[in-house]
Each structure stands twice: as structure tokens, then as C-alpha cells.
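Beneath this line is the structure, given in C-alpha cells, with notes to follow.
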Amino acid sequence: MAENEDVLAAIVGIEPGSSLSQAVAGRADIMMLTQQTHDGALTPDVPGGLSHAERAALALRIAKINDHKAFEDHFETMLEKAGMPDSAVRMADMWFDGGSDLRARALIRHVDLVAHAPKDATRRDIELLQEAGIADADIVRLSELVAFVSYQIRVAVGLQLMRGLA
Amino acid sequence: MSKTLHDFTTEIPQWKPYVAPLNLAEASSEQLDALKVTPSNTKVSDYVLVLAHDVETLKHRSPLFNGVMYNRGGLSRADRELGAVGASMVNRCIYCAAVHASRYNQLTKDTEVIAAVFADGVDAEIEPRLKAILNFAVKLSKCPSEATADDMAALVGAGLSKEEIVDLILSTSLFGWANRLMHTLGEPVGE
């Protein structure tokens, strides 16, 4: 990741000098921490059991579930930068449920559930990940990825609505 | 006897993780730093010890969380808590809703708004400014978001400045994040 990249500003279209730019100026620290968390969730130095390509692919799924085209494009670009391995690319396909790959199946099922309807999640959903051989630390990494991307998309949606204000 | 809670409450429950929290004795220096563990402060909640498995997000998440909820200026702390409650109701995070509803009550020295919101959601009979805030928070928290230009205009109509609206977007969205951890990685238990 480029050090000075700000994914939210680029996706929302926060023009320097605009009234939206002035409104977020007092929260520049939050915007910077958001970008740093984005990099920590998508391209961590120690990815554990979730590769950068898989993270980009699952984030792309989350963007699709949120119907947010600009974030879909962003995560697609990240997937390309991660080399587009077939095993990861197919995880971004909404018609793919993991097939006979039990690990992919468990990851996809959980991402879709937590992105779309976290209210329906129960202890059993974590057990299904554990039964598929996913370590507890990787379950937390996966959860942070879904949770963070869901946050970042909502900030973008809100700020995009603010662009319509006089 | 303790049992899993499924109904909204302002009594803060206990939180029991479904995954094993980090064992502090095995923590790396980076994890200890993110946990802000010092020899005089070794009490860390199970929730934070669970999140410490992903230190590269936790180290930014903690300052981000504190900034969004408590930084100076902009939207009042109580109004930010209401945004958090709206998100937590959509995502049915009983624990987050309890913590932030009780903070709202402490800050406003009133329990009627939260009681009405827990009973009737966005149809609660509360003052127009609070109704506009709650409605926006609930709609932004849906997946996909259902917040519209009219909901945004209602915030302006209710007297919120642009800086205050930014803070509401941040506090509501933050709970789209927090709820997806707290409610999925463990459960609230009470008597």
C-alpha cells in the first residue's frame, strides 16, 4: 500500500476545499486510522491463515453484498495486485459456495452471514469454522476483516450522502 | 444461574467468548503494546484478549474507537451513543446495546428515551432531533444501507451541522464494526 493513500477520500470523492472536505477536516485522525486499519485487515505483515489474495476476494464479496460498486472496484484491484490466484478469485464469485473445498466453504458461508445478517450469528457459526479446521486466531482475523469492511463501506455511504447537501 | 441474553437491556451483561482469548503469558511484544499492558495494569477483558489475535487491526482500532466516541467538538457524546444504540439494535448486539444505552442514560440523566427506543425502535415517540438521528443510524446499519438523501436532509432539518453529521456517520458505522465482533465471537450472559 502506498503510504499516503486514502481509500475513503478517493471513493467518496472528497475534493480539497469542498464543504465536505471542511466537515471532515476535524476528524483527519480518524480518517488516517481508518486507512491504517484497512491496510492491517487487507495486507497485514503477518497474514496468518488468510492470504492477502483471499482477504481481497472476501472483501470483494462484502462490497457486493453491500451493493457498493466503487468498493467492488477497489477490492478487485487489490485482488489483481495480489496476483489473482484461482483459488482466491473464485471466492469472490457470489455463485461459488466453496464446492468440495471445506475450508473455502466455511469461510464464504461465514463472511456472507456476518456481512449481511450479523444478528443471525450464533455459537454454532463459530463451531462450523472450527470444524473446518480454521484456527481461533484466523477466526478473529476473518471477523475483523468482515467487520472493518462493513464499517468502511458505511462511512463511505454516509459521506456520499453528505455530498448531496448544499 | 447464568443464561444467554436475547432481549435488549440497560443492565450490562457479562461477555463469554466462543474462541479462546489470547493467553497473556504467550503474547508477543507487539500484542502487549496494542493491549497497553503494563506491569501495573495486567487486567485486560476477554473481549480485547480475543481481538489481540489480530494485532495489526487492534493496534489502530483502539485509538480509532476512542476518537470516534470521545473526541472533542462536533456531535454530543449522548447523540453518538444513540447512533451506537441504533446500529446495535439492527445487528441485535445485546451487549453493545446495553453498554451504550446505559451510557446514554448516564449522560442525559434520563431513561425514557432508551426505554421508548427499545420498545418501539424507529417508531418510538421521542423528540424530532433524536428521531432523525435514530432513523438515520438504523437505516445506515442495514445491509445494504437503506439511508437516503431524505434521511440526510432530515438531519439537517433537525439542526445538525455538517461536522455533527460526520460524527454520527462515524459512531454509527463504528458499531457496524463492533457489533460484528462482539455479537459473532461471543455471547452476553446474565442472571
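The values are calculated or read from the model by the stated rules, or taken from the named source; none is laboratory data. Predicted, not measured: the structure shown is a model, and the values here were computed from it. Because the Cβ atoms are built from the backbone with ideal geometry, glycine has one as well, and the counts that use them run over all protein chains shown.
So which residues in the range B:119-138 are over 15 Å from B:Ala149 (Cα atoms) and buried (at least 17 other Cβ atoms within 10 Å of the Cβ)? Answer for the range B:119-138, where residues must be over 15 Å from B:Ala149 (Cα atoms) and buried (at least 17 other Cβ atoms within 10 Å of the Cβ): B:Ala124, B:Ile126, B:Leu130, B:Lys131, B:Leu134.
Checking B:Gly67, B:Gly121, B:Gly74, B:Gly86 one by one, the residue that is within 14 Å of another protein chain (Cβ to nearest Cβ), at positive phi and part of a helix (DSSP H, G or I) is B:Gly121 and no other.
Return yes or no: is B:Lys16 at positive phi and either of a type in the set (A, V, I, L, M) or touching a residue at least 24 places away in the same chain (Cβ under 8 Å) (or both)? So B:Lys16 does not fit the description; no. Among the residues of the range A:59-80, which ones are surrounded by 21 or more Cβ atoms within 10 Å (Cβ to Cβ) and outside any helix (DSSP H, G or I)? A:Asn66, A:His68, listed by residue number.
Would you pick out the residues in the range A:118-166 that are among the aliphatic types (A, V, I, L, M) and more than 7 Å from every other protein chain (Cβ to nearest Cβ)? Within the range A:118-166, A:Leu128, A:Leu129, A:Ala132, A:Ile134, A:Ala135, A:Leu142, A:Leu145, A:Val149, A:Ile153, A:Ala156, A:Ala166 qualify. If you go through the range A:85-105 one residue at a time, do you hit one that is in contact (Cβ under 8 Å) with a residue 40 or more places away in the chain, in contact with a helix residue (DSSP H, G or I) (Cβ under 8 Å, 6 or more places away or on another chain) and in a helix (DSSP H, G or I)? No, that holds for no residue.
Candidates in the range B:109-118 are the residues that are without any contact (Cβ under 8 Å) to a residue 24 or more places away in the chain and assigned to a loop (DSSP other than H, G, I, E, B); of these, the one that is farthest from B:His6 (Cα to Cα) is B:Lys109. Pairs are defined by a Cβ separation below 6 Å, a sequence spacing of at least 6 or placement on different chains, a first member in the range A:46-57 that is within 14 Å of A:Ala104 (Cβ to Cβ), and a second member that is small (Gly, Ala, Ser) and crowded, with 17+ Cβ neighbours inside 10 Å; the pairs so defined are A:Ala53/A:Ala82; A:Ala53/A:Ala88; A:Glu54/A:Ala88; A:Ala57/A:Ala88; A:Ala57/A:Ala92.
Considering the range B:61-109, the residues that are more than 20 Å from B:Lys131 (Cα to Cα) and among the β-branched types (Val, Ile, Thr) include one that is surrounded by the fewest Cβ atoms within 10 Å (Cβ to Cβ), namely B:Val99.
B:Ile126 falls short on exactly one of the conditions (1) closer than 17 Å to B:Leu160 by Cβ; (2) part of a helix (DSSP H, G or I), and that condition is (2). Look at B:Arg80 and say whether it is assigned to a helix (DSSP H, G or I) and in the same structural domain as B:Glu127 (by TED's automatic domain parsing). Yes: the conditions hold for B:Arg80. Restricting attention to the range A:6-45, the residues being of a type outside the set (Asp, Glu) and in a loop (DSSP other than H, G, I, E, B) number 9. Taking the listed residues A:Ala132, A:Ala88, A:Ala166, the one that is at pLDDT below 95 and farther than 25 Å from B:Lys142 by Cβ is A:Ala166, with no other qualifying. Scanning the range B:113-134 for residues that are touching a Gly at 6+ places or on another chain (Cβ under 8 Å) and charged (D, E, K, R) returns a single hit, B:Arg129.
Quick check on my filter: what residues within the range B:139-162 are surrounded by 15 or more Cβ atoms within 10 Å (Cβ to Cβ) and either touching a residue at least 12 places away in the same chain (Cβ under 8 Å) or among the hydroxyl-bearing types (Ser, Thr, Tyr) (or both)? Within the range B:139-162, B:Lys139, B:Leu140, B:Ser141, B:Lys142, B:Ser145, B:Asp151, B:Met152, B:Ala154, B:Leu155, B:Ala158, B:Leu160 qualify. Reported count of residues in the range B:77-108, each being touching a residue at least 12 places away in the same chain (Cβ under 8 Å) and farther than 21 Å from A:Val114 by Cα, is 15.
Of note, B:Gly190 satisfies the criterion of being over 29 Å from A:Ile14 (Cβ atoms) and surrounded by fewer than 18 Cβ atoms within 10 Å (Cβ to Cβ).
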